[in-house]
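Shown next, in structure tokens, is the structure this report addresses.
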Amino acid sequence: MWGPWMLKEHMLRGLRSVSLFVLAVFFLPAVSEFEKLTVTGPSATAFVTYDLTELQSMPEVIVNTTTPWTDGMQEFRGVPLAALLPDMVGVFELRLTAINDYVVTMPSDLLTDSIPIVAYERNGMLMSIRDKGPFWLIFPFDDSDIFTTDAMLSRSIWQLFRIEILQ
């Protein structure tokens, strides 16, 4: 039987299809924007953007540690934060920004050649936005009490997408 309810159902299916298309067009580009990591500064015109492939092609560091936000020992794979920064002289500040606009600053004297790392894998898998990815700043929390202070824990920013070098 064909009746007005069938026409209504047909229209609802069409509306759902159009809605999904609109979401894909407007939402997906925004998500892919966050799959890149931008480093800016110290001048307004100096910036570089890294995508996952570029980060994976760089020398990697593996950090095995527990975190307050995960269960058990975790294996993080990524690149040292220092490797993403231009050669800088002296002490400077970094401003790190997450997708949700969480911002934290960090003095450059906390950087070494190997830590912290900008992790892109946890336990052998890429990290989705839902799983604190795609980029998470990781310290070796189990190596020293220095890394478990509130200040240091606040610097372990996940969903990282922008690093600014401040003078």
Problem set entry | Single match in ARG95, ARG77, ARG162 (criterion: part of a strand (DSSP E or B), touching a Ser or Thr at 6+ places or on another chain (Cβ under 9 Å), more than 14 Å from LYS36 (Cα to Cα) and of a type in the set (D, E, K, R)) | ARG95
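Considering only the range 136-146, state which residues are among the hydrophobic types (A, V, I, L, M, F, W, C) and in contact with a helix residue (DSSP H, G or I) (Cβ under 8 Å, 6 or more places away or on another chain).
Going through the range 136-146, the residues among the hydrophobic types (A, V, I, L, M, F, W, C) turn out to be 136-139, 141, 146.
Listed by number, the residues that qualify are LEU137, PHE139, PHE141, ILE146.
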For this session: Pull up the range 49-74, narrow it to residues that are assigned to a loop (DSSP other than H, G, I, E, B) and among the acidic types (Asp, Glu), then point me to the one that is nearest to the chain's Cα centre (by Cα).
Result: GLU60
Seminar exercise, completed: Of the residues in the range 121-159, those that are within 16 Å of the chain's Cα centre (by Cα), within 16 Å of LEU96 (Cα to Cα) and in a helix (DSSP H, G or I) come to LEU153, SER154, ARG155
Seminar exercise, completed: MET106: passes all of (1) hydrophobic (A, V, I, L, M, F, W, C); (2) assigned to a strand (DSSP E or B); (3) more than 22 Å from GLY41 (Cβ to Cβ) but (3)
Exercise. Residues in the range 48-66 that are within 15 Å of GLY133 (Cβ to Cβ), in contact with a strand residue (DSSP E or B) (Cβ under 6 Å, 6 or more places away or on another chain), surrounded by 14 or more Cβ atoms within 10 Å (Cβ to Cβ) and not hydrophobic (A, V, I, L, M, F, W, C): how many?
Worked result: 1
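For the range 27-47, give me each residue that is touching a Ser or Thr at 6+ places or on another chain (Cβ under 9 Å), surrounded by 12 or more Cβ atoms within 10 Å (Cβ to Cβ) and at pLDDT below 90.
Answer for the range 27-47, where residues must be touching a Ser or Thr at 6+ places or on another chain (Cβ under 9 Å), surrounded by 12 or more Cβ atoms within 10 Å (Cβ to Cβ) and at pLDDT below 90: just PHE47.
The values are calculated or read from the model by the stated rules, or taken from the named source; none is laboratory data. Here the structure is a predicted model, which is why all the values come from computation and not from measurement. Because the Cβ atoms are built from the backbone with ideal geometry, glycine has one as well, and the counts that use them run over all protein chains shown.
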